[in-house]
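**Student:** First, the structure itself, so that you have it in front of you.
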Amino acid sequence: MGALKDLARSFSRLTQEEVDLFCLEHGIDKQFNPTAPACDASIDKPIPGFIALYCRHFEWSNLRYPFSFFVLNVLEYYRVSFGQVHPKGMARVLHFEVLCRALGYDPSLLLFRRFFRLAKNGDWFTFENTKVETCLVSSMVTTLGSWKNTFFWVSESIIPFKMVWRHPDAVLNDPEPSESELNDAFLSAIRGCPSRVRPFPEHLLVLLGVSNIWAKVDRDPVLMRNGLVMSALDFIKSDDTSDVVFEDAPTVPGENVVVRTSEQRYEGSGYVSVENVKGFTKSNVSKPSTRRLSRRLLKATPQSTSTEPVDLSDDIEVSEDQVEAEVEKEKELVVRGKKVRGKKGVATPVQESSSRDVEGTEDGSLTGQAKGLKGSVLPNAGRGVPPRLQNVDGGSLV
């Protein structure tokens, strides 16, 4: 597959009726004025005061509104817009968050940078494996389909900070954090969970607090396999989930999953931004476990052997994410009339934009420190099925 070099020629085919229907299905409020772009408006030229959202980010990458604090932290840290991120890159961001929450931890931007780095994918950006940690993604579903021509505008007030359009020549990454900067238990736990990146069912996303699209206010989602409750982590790690049944159970009083996990999502308040975009390394506080002792994981049932063919390559998007990034590094860039080698990291000045802010190459900073994000992530016990409860280290909690 060739380079994706047609961002400025990517136009949306959506009608206003289709945009309204999509937003209704995905819970995007009309107060953000979802608008179908004009037929000649490319995604890099939104209406002033608006940003672009891809439908495929929701349909394929597991993105949900209200956006999670973690997703917003990632976009703010890398100073990149929704409209610049390839759906497979966005899928890796959400997969990391879902996996962290299934393990009983809040997703960490610092740990994310250990496993993933920002990369160029033609005119778009993506997230690919770092060189120091390559085991988190075991494979990826390849069926993406058409995505560049299904986007729409929403008011920029849908996010809590001024989203910028990243300059294509801005320096991509800071060095990956060292192991000594990370929570040892968290790092060890996530290393032991290589899993397949794919669209997840709404039951799982609601269960982990990524989605609030759930109509049964007095009942919570439950995953069942062979008549037993299946943990969210076992579902994520299992490549073959064709025998999983999606059910619901009465909510334990005061423990409604949608309400309980609302503090993980931006619903008009509570967002804590990244403190220093260029210099962010780690929190100044000590390194205690970010795991909540009160969280409980349902003991998994034995997993069946998968018969589904799975691509176990480190990153199946070689032509899009890796090869293209390597080619770009080897090309010569022309900067102010001088030729320099691309791999030396020389960047061009910021170009002006009348309709949006543009991320340049100079150091900048944002206010606030990325904090641990609160929220329970797993189903409550007491669903009528009496499995034994365990913590993430395997020890019994009850």
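**Student:** I need the strands (runs of 3 or more DSSP E) fully contained in the range 83-150, keeping only those with at least 3 residues that are surrounded by 23 or more Cβ atoms within 10 Å (Cβ to Cβ) and not charged (D, E, K, R).
**Tutor:** Values: elements: 116-121, 124-129, 137-140.
So the answer is 116-121, 124-129.
**Student:** So for the range 32-47 (the condition being among the charged types (D, E, K, R) and under 23 Å from the mean Cα position of the chain (by Cα)), does at least one residue qualify? It would help to see each step written out before you state the result.
**Tutor:** Going residue by residue through the range 32-47, those that are among the charged types (D, E, K, R) are 40, 44-45.
Those left that are additionally under 23 Å from the mean Cα position of the chain (by Cα): 44.
Scanning the range 32-47 turns up at least one residue that is among the charged types (D, E, K, R) and under 23 Å from the mean Cα position of the chain (by Cα).
**Student:** Let me ask something additional. Just to check your reading of the model, which residue among Asp20, Asp6 is charged (D, E, K, R) and at pLDDT below 95? Break it down stepwise before answering.
**Tutor:** Working: Asp20 fails: at pLDDT below 95.
Being charged (D, E, K, R) and at pLDDT below 95 holds for just one of Asp20, Asp6, which is Asp6.
**Student:** Turning to a different aspect of this structure: Got a number for residues in the range 257-291 being crowded, with 17+ Cβ neighbours inside 10 Å, part of a loop (DSSP other than H, G, I, E, B) and either modelled with pLDDT under 50 or in contact with a strand residue (DSSP E or B) (Cβ under 7 Å, 6 or more places away or on another chain) (or both)?
**Tutor:** 4
**Student:** Let me ask you something else. Looking for whichever is in contact (Cβ under 8 Å) with a residue 40 or more places away in the chain and within 26 Å of Arg191 (Cα to Cα) here; the options are Val257, Val244, Val210, Val252. Which one fits? Full working, then the answer.
**Tutor:** Numbers: Val257 fails: within 26 Å of Arg191 (Cα to Cα); Val244 fails: in contact (Cβ under 8 Å) with a residue 40 or more places away in the chain; Val252 fails: within 26 Å of Arg191 (Cα to Cα).
That would be Val210, the only listed residue that is in contact (Cβ under 8 Å) with a residue 40 or more places away in the chain and within 26 Å of Arg191 (Cα to Cα).
**Student:** Further, regarding this structure: Which ranges mark the helices (runs of 4 or more DSSP H) fully within the range 180-254 that have 1 or more residues being within 19 Å of His95 (Cβ to Cβ) and touching a Cys at 6+ places or on another chain (Cβ under 8 Å)?
**Tutor:** Details: elements: 184-191, 202-207, 232-237.
Output list reads 184-191, 232-237.
**Student:** Look through the range 152-196, keep the residues that are in contact with a Phe, Trp or Tyr (Cβ under 6 Å, 6 or more places away or on another chain) and among the aliphatic types (A, V, I, L, M), and return whichever of them is farthest from Arg265 (Cα to Cα).
**Tutor:** Among those that are in contact with a Phe, Trp or Tyr (Cβ under 6 Å, 6 or more places away or on another chain) and among the aliphatic types (A, V, I, L, M), it is Val154.
**Student:** Residue under question is Ala52, and the condition is that it be under 18 Å from Glu156 (Cβ atoms) and either in contact with a strand residue (DSSP E or B) (Cβ under 6 Å, 6 or more places away or on another chain) or hydroxyl-bearing (Ser, Thr, Tyr) (or both); does it hold?
**Tutor:** Numbers: under 18 Å from Glu156 (Cβ atoms): yes; either in contact with a strand residue (DSSP E or B) (Cβ under 6 Å, 6 or more places away or on another chain) or hydroxyl-bearing (Ser, Thr, Tyr) (or both): yes.
When the stated conditions are applied, Ala52 passes them.
**Student:** Out of (1) at negative phi; (2) surrounded by 19 or more Cβ atoms within 10 Å (Cβ to Cβ), the odd one out for Gly209 is which?
**Tutor:** So the condition that Gly209 fails would be (1).
**Student:** Does Asp29 satisfy the criteria of being in contact with a Pro (Cβ under 8 Å, 6 or more places away or on another chain) and free of Cβ contacts under 8 Å to residues at least 40 places away in the same chain?
**Tutor:** For Asp29, the condition - in contact with a Pro (Cβ under 8 Å, 6 or more places away or on another chain) and free of Cβ contacts under 8 Å to residues at least 40 places away in the same chain - is not met.
**Student:** Only one of (1) closer than 25 Å to Asp239 by Cα; (2) assigned to a helix (DSSP H, G or I) is not met by Glu76, so which one is it?
**Tutor:** (1)
The values are calculated or read from the model by the stated rules, or taken from the named source; none is laboratory data. Bear in mind the structure is a predicted one, so any value in this text is a computation, not a measurement. Cβ: placed from backbone, ideal geometry, glycine included. Neighbour counts: every protein chain shown.
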